[in-house]
Amino acid sequence: MGQGPPGGGQKETGRVTHPPLTSGRTLAVVAGLTAILLAAALLALSLGSVPVSMSSIAGALTGSGTVSTPDRTIILDIRLPRLLLAIIVGAGLSVAGLVFQALLRNPLAEPYILGISSGGTVGAILAMSLAAGSGVFTVPLASFAGSAAVMGIVYAAAHRRGRLDTYTLLLAGVMIGAFFNALVLLVVAVVNQELRSAFLWLMGNLSGASPGSVAVVSVPVILASLALYTQAKGFNLIATGEEAAMQLGVNVRLLKKSAYLLASFITGMVVSVSGVVGFVGLIIPHICRMLFGPDHRLLFPASFLAGAIFMVLADLISRIALAPTEIPVGAVTAAIGAPLFVYLLRKG
């Protein structure tokens, strides 16, 4: 994936030339995306099977004014936790996708395609089935273990003679992901869980959002994303080639291992509360790269915010498209992501 030089000067992605990265440009992009996220959040709080006015939203969030009890319950107990969960899920998946694309230098890499989401799903379902009620951290930790296990298997399968074959890694991820998806169905059948809720979860579902799930997942995902952001310059140098990066002082092996682990950790945390939501990590980093250029110092915050925006809007569509019936949010992201995936494959 040609990402251009890591330093200053103008950068070119395809036919689009991007201006040099400055603190002012970074601030403008972050401020603009934050404003869009706030607008999308207000829209998500307002729209649904029961519309809520903006004045009621303001009153419920600030604790001032007169807000009816039903409206307050809808805003604070139902829609707000779901909104916050959508933000952290979209941001986390987008950052994880950006990391995998940067390390593999391939725009098709993302947690869903690499099979990491499927591994997290197996871990989460096993934890829910066999260790129900054992603790609030059990499912996220089991989901991370499953994601890390798949990442380890895929990495080992693609590592030959001291080098990582990115195309083998992608193919191995697809195949191992399919295998783990079959394991999920086997686990669901064996433990005899209630099928409808299980399959909704497998397709991606945010309806189970609660303040507890938001609290458990948000802090680890944000901290892991910040840790990855601190290595943005290293990702820029790796984009020019691993040998060149090593000559410039980057510990490539350590950076790749820690980045893989952190991205798998983010994926596991997100999957534990949202189920399998595919293609976010494919779509958002790719769009941000086209819009803002290849510099990871800007791509990380842009992808974080854009992923949050995308997931908030996708969840809103899932709630209102066939209201009062709800579409799994994973079906919405797949409907957008799958055609783009085919387009990228055709582009080579």
Could you tell me whether residue 304 is surrounded by 18 or more Cβ atoms within 10 Å (Cβ to Cβ), farther than 30 Å from residue 124 by Cα and among the hydrophobic types (A, V, I, L, M, F, W, C)?
-> no
Within the range 148-168, the residues that are modelled with pLDDT of 75 or more and either assigned to a loop (DSSP other than H, G, I, E, B) or within 17 Å of residue 101 (Cβ to Cβ) (or both) are 151, 154, 155, 168
Which residue pairs have Cβ atoms under 6 Å apart, sit 6 or more places apart or on different chains, and have a first residue in the range 69-82 that is modelled with pLDDT of 90 or more and a second that is assigned to a helix (DSSP H, G or I) and open to solvent by 60 Å² or more (accessible area, probe 1.4 Å)?
-> 81/211
Does any residue in the range 47-61 that is more than 18 Å from residue 323 (Cβ to Cβ) come within less than 8 Å, Cβ to Cβ, of a residue that is open to solvent by 90 Å² or more (accessible area, probe 1.4 Å) six or more places away or on a different chain, and which pairs are these?
-> 59/66
Pairs, please: C-beta under 7 Å, at least 6 apart or cross-chain, first residue free of Cβ contacts under 8 Å to residues at least 40 places away in the same chain and in the range 247-258, second open to solvent by 100 Å² or more (accessible area, probe 1.4 Å) and of a type in the set (A, V, I, L, M, F, W, C)?
-> 252/246
All conditions in (1) of a type in the set (A, V, I, L, M); (2) assigned to a helix (DSSP H, G or I); (3) within 30 Å of residue 18 (Cα to Cα) are true of residue 317 except (3)
May I ask you to list the residues in the range 51-73 that are surrounded by 15 or more Cβ atoms within 10 Å (Cβ to Cβ) and of a type outside the set (A, V, I, L, M, F, W, C)?
-> 56, 59, 71, 72
Selection from the range 249-281 of residues in contact with an Asp or Glu (Cβ under 6 Å, 6 or more places away or on another chain) and modelled with pLDDT under 85 yields none
Filter result (touching a residue at least 40 places away in the same chain (Cβ under 8 Å) and over 16 Å from residue 320 (Cβ atoms)) within the range 30-46 = 30, 33, 34, 36, 37
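The values are calculated or read from the model by the stated rules, or taken from the named source; none is laboratory data. These numbers come from a predicted model, not from an experiment. Cβ coordinates were reconstructed from backbone atoms using ideal geometry, including for glycine residues, and neighbour counts include every protein chain displayed. Areas reflect the complete protein model, heavy atoms only, side chains present, ligands, DNA and RNA absent. Shrake-Rupley method; radii C 1.70, N 1.55, O 1.52, S 1.80 Å.
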